[in-house]
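Following: one structure in structure tokens, then a few remarks.
The values are calculated or read from the model by the stated rules, or taken from the named source; none is laboratory data. Note that the structure is predicted; figures quoted are calculated from it, not measured. Note that we place each Cβ from the backbone using ideal geometry, even for glycine, and neighbour counts take in every protein chain shown.
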């Protein structure tokens, strides 16, 4: 009797089983909808003579091109340089943006002083800095990293500053009354309290960086996913172009999922 009750207690309830099933079925349903719309679009292309040049965008042709890219190693060759540029740009944005965000959130006078310049600069498209980036850096790669950093820094700054402003003033007062030095307060109170905001901003920055990457790689580089798209367009290889677009989406989704998982699994707790 005891064993039977113990066995029943360990069995998941129907509600939990239904929730788990929804978590699997819902994403698959979303993918099916996208593929269905894509397939219908392919039928329209095939049925329209004036769109015959775009037959490469159909599901079958694009899927074959994607498999060819992966099997030949061309997908990896195009992805590695792009990931390297995004990583470098994010590192620069993180290193520069985090301390600025901490300072802006900590001192209201500094926030008032920088609010207009920051909002003004934030509204300028990162791609508008292309001519300046080309003049500033001796290499195309450096210019691309600069553009990615310019695009990525704002989510980190604003998210970090917002996190600092939400800190309970009592924490800071107690730390000061206990003789905490500024660096000690920053390390033991402020940073642990806003760490989740910082990494949330980093997640947003990753999305912005990945979007800016492709047009930035239209510059004079001969590697990367943006260059691969440009090359496929110039050679009218629309099946390959569609495959690269899918590859960009899959990689971007995977990067965001990994970072989101890391944020969820990490416990941020302030220490006094």
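Values for this structure:
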item	result
Looking only at the range 126-142, and only at residues there that are without any contact (Cβ under 8 Å) to a residue 40 or more places away in the chain and buried (at least 16 other Cβ atoms within 10 Å of the Cβ), the one that is nearest to residue 211 (Cα to Cα)	129
Qualifying residue in the range 183-196 (condition: outside any helix (DSSP H, G or I), surrounded by fewer than 17 Cβ atoms within 10 Å (Cβ to Cβ) and either modelled with pLDDT under 90 or in contact with a strand residue (DSSP E or B) (Cβ under 6 Å, 6 or more places away or on another chain) (or both))	no
